1. If only one of ILE56, ILE66 is surrounded by 15 or more Cβ atoms within 10 Å (Cβ to Cβ) and farther than 28 Å from TYR98 by Cβ, which one is it?
2. Here is a check on your reading of the model: is PHE51 at pLDDT 85 or above and either touching a strand residue (DSSP E or B) at 6+ places or on another chain (Cβ under 6 Å) or more than 30 Å from GLY29 (Cα to Cα) (or both)?
3. Can you name the residue in region 85-102 that is surrounded by fewer than 17 Cβ atoms within 10 Å (Cβ to Cβ) and among the small types (Gly, Ala, Ser) and is also farthest from PHE51 (Cα to Cα) among such residues?
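The values are calculated or read from the model by the stated rules, or taken from the named source; none is laboratory data. For clarity, every value in this text was computed on a predicted model and none was experimentally measured. Note: ideal-geometry Cβ built from the backbone for every residue, glycine included; neighbour counts use all protein chains shown.
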Amino acid sequence: MEYYDNGDRPGEETAAAPEKRPDVNQPNGTAIASMVCGILGLLLLCCCIAFPLSIILGVAAIVLAILSKKDSPFCGYAIAGLILGIFALLLGVAEFLYLMAVNMLVRDPSWAAVFDEIMEEYSNSGSFPVE
C-alpha cells in the first residue's frame with residue numbers, strides 16, 4: 001500500500017481536506033530578538049566596564065521573551081532568551097557590586113599596606129612590569 005500525505009487511499013472520495021493546525025511553538029521575531037539580546041548581554045560581561053549594557057540587554061531579553069508569548073506557550077527561542085536574559089541581569093548586577101566592593105577596598109587606607117605588599121611581590125618576581 002502506498003502512503004499519501006493527506007491520508008487518502010486511491011479510489012476513495014473525501015468530503016473535505018483535513019484542517020491543518022498551526023504550530024503553536026513556531027518562533028517569531030520577538031523571541032529571536034530576545035535570545036540575541038540575552039547572548040549579547042552575556043558576552044558583554046567579559047568586558048569589565050560594559051556591565052551596564054549587560055544589565056540593559058538582560059532586561060530587554062526578559063521583556064521581549066514575555067512579549068513574544070502572545071497567548072501561546074513559549075517557543076524554544078523565547079525560553080532561551082528568558083534564561084539568558086535572567087543570567088545577564090543577575091551577573092551584571094553581581095559584577096557591579098563586585099567592582100564597587102573592590103573600589104571601596106582600594107580607597108580604604110587600612111588596606112593600603114596590603115596592596116603595597118602585593119605590588120612589591122609582583123615587582124620582585126619579575127612577572128609584573130613596573131617602571
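1. The match here is ILE66.
2. In short, no.
3. ALA101
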